[in-house]
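Written below as structure tokens is the structure these notes are about.
The values are calculated or read from the model by the stated rules, or taken from the named source; none is laboratory data. Computed from a predicted model, the values in this text were never measured in an experiment. Neighbour counts run over all protein chains shown; Cβ positions are idealised from the backbone, glycine included. Please note that ligands, DNA and RNA were not included when accessible areas were found on the heavy atoms of the full protein model with its side chains. Shrake-Rupley method; radii C 1.70, N 1.55, O 1.52, S 1.80 Å.
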Amino acid sequence: MICVNLIMVEFNGMGMNLRKFFYKSINKLISKFKKENFTLDDNIPISYLISFLWSKIFCCIYGMIRLLSFRRVFIHPTATIKCSSKLRFGRNFTVGRECYINALSEEGLTCGDNVSMGFHTHIDLTGSLKNIAKGIKIGNNVGLGSHGHYGSGVGGLEIGDDTIIGNYVSFHPENHNYSDLSIPIRLQGVSGKGIIVGENCWIGAKATFLDGAEIGNGCVVAAGAIVKDKFPDNVIIGGIPARILKDRKAS
């Protein structure tokens with residue numbers, strides 16, 4: 001009985017060493033790909049991690065074939081991508097489950113390195129063939145939460161580096177003209193100033209950005225805010241319509 005216990009202890013010790021080696025190898029691999037330090041949580045089961053890695057490998061193979069690219073690109077097979085000739089992206093471009101991308105526009109959809117799109121993300125640059133949209137530019141290390149809507153319209157949309165965006169956030173850089181009472185609004189055309197989001201911003205869930213909105217670097221946008229004005233760097237904004245709630249530099 002004592003011998004059996006000793007063997008089990010030695011076996012478990014070997015298992016722990018293999019687990020540590022496996023996790024260490026994965027940390028090095030991901031850090032190399034993302035070009036920044038990355039450490040897995042030790043509580044993640046190996047079975048989950050293996051399933052996750054297999055899914056990534058499959059999406060990478062599919063994505064490289066789908067977009068005819070030799071760059072690392074991860075496209076879920078359920079994602080829809082239209083007008084891919086107008087899509088430009090950097091390393092580790094990730095498009096999640098059931099995403100929709102229509103890049104038809106003058107300047108196209110441009111994404112930097114390490115851009116990820118959560119499932120059910122909807123990016124529709126051009127809403128009407130009467131007016132081709134301007135385009136969307138997304139910087140490096142930007143994460144788009146699930147169920148978001150990103151329009152371009154005639155104004156265009158720019159999102160800076162290192163910005164994280166919550167779920168159900170929407171951007172609308174275009175307005176319908178409505179000044180002429182004798183013509184239906186739908187026939188009066190559109191106009192747009194565009195939307196600009198600075199670098200290193202955190203945008204909370206269900207925030208809405210309207211045409212002409214502009215926030216500086218380091219801003220935090222509260223969940224549910226409706227942003228339509230211009231805001232300086234490093235402020236916390238929220239409300240309907242959004243206003244400055246606090247200065248990050250003062251906290």
Restricting to the stretch 209-228, and then to whatever is closer than 11 Å to PRO173 by Cβ and crowded, with 24+ Cβ neighbours inside 10 Å, can you tell me which residue is nearest to the chain's Cα centre (by Cα)?
PHE209
Cβ-Cβ under 9 Å, sequence separation 6+ or interchain: first residue in the stretch 233-251 and in contact (Cβ under 8 Å) with a residue 12 or more places away in the chain and farther than 21 Å from LEU210 by Cβ, partner of a type in the set (Lys, Arg) and open to solvent by 80 Å² or more (accessible area, probe 1.4 Å). Which pairs?
ASN234/ARG248; ASN234/LYS249
Per the list (1) under 20 Å from GLY63 (Cβ atoms); (2) open to solvent by 10 Å² or more (accessible area, probe 1.4 Å); (3) not aromatic (Phe, Trp, Tyr), residue check on LYS130 breaks on (1)
Quick one: which of SER84, SER31, SER51, SER55 is of a type outside the set (Lys, Arg), in contact with a helix residue (DSSP H, G or I) (Cβ under 9 Å, 6 or more places away or on another chain) and either at pLDDT 85 or above or surrounded by 12 or more Cβ atoms within 10 Å (Cβ to Cβ) (or both)?
SER84
Conditions (1) more than 13 Å from the chain's Cα centre (by Cα); (2) within 16 Å of GLY153 (Cα to Cα); (3) at pLDDT 95 or above; (4) aliphatic (A, V, I, L, M); number of the one not met by ILE123:
(1)
Read through the list (1) open to solvent by less than 10 Å² (accessible area, probe 1.4 Å); (2) within 10 Å of the chain's Cα centre (by Cα), then give the number of the only condition that SER105 fails.
(2)
Would you confirm whether any residue within the stretch 97-109 is farther than 29 Å from HIS176 by Cβ and either modelled with pLDDT of 90 or more or outside any strand (DSSP E or B) (or both)?
yes
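Okay, residues lined up against (1) on the phi < 0 side of the Ramachandran plot; (2) in contact (Cβ under 8 Å) with a residue 40 or more places away in the chain:
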position	(1), (2)
ASN175	yes, no
PRO184	yes, no
GLY189	no, yes
GLY192	yes, yes
GLY198	yes, no
TRP202	yes, no
ALA205	yes, yes
GLU214	yes, no
Based on what the data block shows, is LEU67 open to solvent by 40 Å² or more (accessible area, probe 1.4 Å) and aliphatic (A, V, I, L, M)?
no
Condition check: in contact with a strand residue (DSSP E or B) (Cβ under 7 Å, 6 or more places away or on another chain), of a type in the set (A, V, I, L, M, F, W, C), modelled with pLDDT of 95 or more and within 19 Å of ILE215 (Cβ to Cβ). Does ILE159 satisfy that?
yes
